[in-house]
Amino acid sequence: MKQYEQKRNNPYKGLKRTLRAKGLRYEDVAELLDRSVPAVCKKMNGESDFYLYELHKMCSSYGLDLNAFI
């Protein structure tokens, strides 16, 4: 049994698909959220969580539905 196990959430597959369909890159999301690209990658891959305000900002800026995050 591992002493330390890193928390990991399910990756945002629906969000990734939606962003690709809109022609958006992680760089675009990072700029919008004022985060680094590696930080956005961690969030997208489930290694870190999105804050609620970040979800709201992406939804309002990119015309997304919250279902994209499921």
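The values are calculated or read from the model by the stated rules, or taken from the named source; none is laboratory data. Keep in mind the model is a prediction, meaning the values are calculated, not measured. Here Cβ is always computed from backbone atoms with ideal geometry, including for glycine, and neighbour counts include all displayed protein chains.
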Consider only pairs whose beta carbons are under 9 Å apart and that are at least six residues apart or on different chains; among these, list those whose first residue lies in region 41-67 and is surrounded by 14 or more Cβ atoms within 10 Å (Cβ to Cβ) and whose second residue is among the acidic types (Asp, Glu). Cys41/Glu47; Lys43/Asp49; Lys43/Glu54; Cys59/Asp65; Tyr62/Asp28
Tyr4 - would you say it is surrounded by fewer than 16 Cβ atoms within 10 Å (Cβ to Cβ), hydroxyl-bearing (Ser, Thr, Tyr) and at pLDDT below 90? yes
Sort out which residues of region 25-70 are in a loop (DSSP other than H, G, I, E, B) and either aliphatic (A, V, I, L, M) or more than 16 Å from Asn10 (Cα to Cα) (or both), and write them in order of number. Arg25, Asp34, Arg35, Ser36, Gly63, Leu64, Asp65, Ile70
Given the structure, is Glu31 surrounded by fewer than 13 Cβ atoms within 10 Å (Cβ to Cβ) and modelled with pLDDT of 95 or more? yes
